[in-house]
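Here's the structure we're looking at; comments come further down.
The values are calculated or read from the model by the stated rules, or taken from the named source; none is laboratory data. Remember, it's a predicted structure, so these values are computed and weren't measured experimentally. Don't worry about glycine lacking a Cβ; one is built from the backbone with ideal geometry, like all the others, and counts go over all protein chains shown. We work out accessible area using only protein heavy atoms, side chains counted, and drop any ligands, DNA or RNA first. Shrake-Rupley method; radii C 1.70, N 1.55, O 1.52, S 1.80 Å.
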Amino acid sequence: MADPAFDTAILVLRVVLGLTMAAHGYNKFFGGGRIPGTAGWFDSIGMKPGMFHARVAATTEIAAGLGLAVGLLTPVAAAGFVALMLVAAWSVHRHNGFFIVKEGWEYNLVLAVAAVAVAGTGAGRYSLDHALFYGTGMWQYVQGWGGLAIAVLLGLLGGVGQLALFFRPPAK
């Protein structure tokens, strides 16, 4: 039988990580500059077309965040974190060094690795993955090595693919 403390700890981690990411997406849609402001910023950093990337980023942040929070297809949600944070770290933060206090990529790394760790451990008993897939053939893909591999490989493919296809840094 699973340890209730483990399941509760994973639940807390999932909810905090997930809602934090979803809040970033919500802010892109409804905060300050909304999608047009976010699109202008994306254009300015070389993610063109900015409007497309603003919508994709906001939607992915909400979907990946809520997916992780409720523990639904956790490795796919974690892959969203990896792709989003890889693109953010490379396109915005890499020239600033590691530490977040200098706008470095530390925060991006922590979010991505924490999401991957959840994909590897599994979302726990208090998740939709457990409710829907425990005891089925899908179980091996929503936790353990299968979940870890999906989160890392799909996330890297998404992030590297997006950068390769769309990132054109502005001339300095």
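Okay, here's what the table says:
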| item | result |
| --- | --- |
| Three-way shape label, segment 45-171, alpha-carbon gyration tensor, a/c 1.5 | prolate |
| Accessible area in the full protein assembly, largest first, 1.4 Å probe, for Ile35, Ile62 | Ile62, Ile35 |
| Candidate lysines - alpha carbon under 23 Å from Lys28, same-chain residues fewer than 8 apart omitted | Lys48, Lys102 |
| Probe 1.4 Å - accessible area at Met85, Å² to nearest ten | 20 Å² |
| Of all accessible heavy-atom area on segment 4-166, the percent that carbon and sulfur account for (1.4 Å) | 75 percent |
| Loop chymotrypsin sites (Phe, Trp or Tyr not before Pro), segment 27-103, which have at most 13 other Cβ atoms in a 10 Å radius of their Cβ (DSSP) | Phe98, Phe99 |
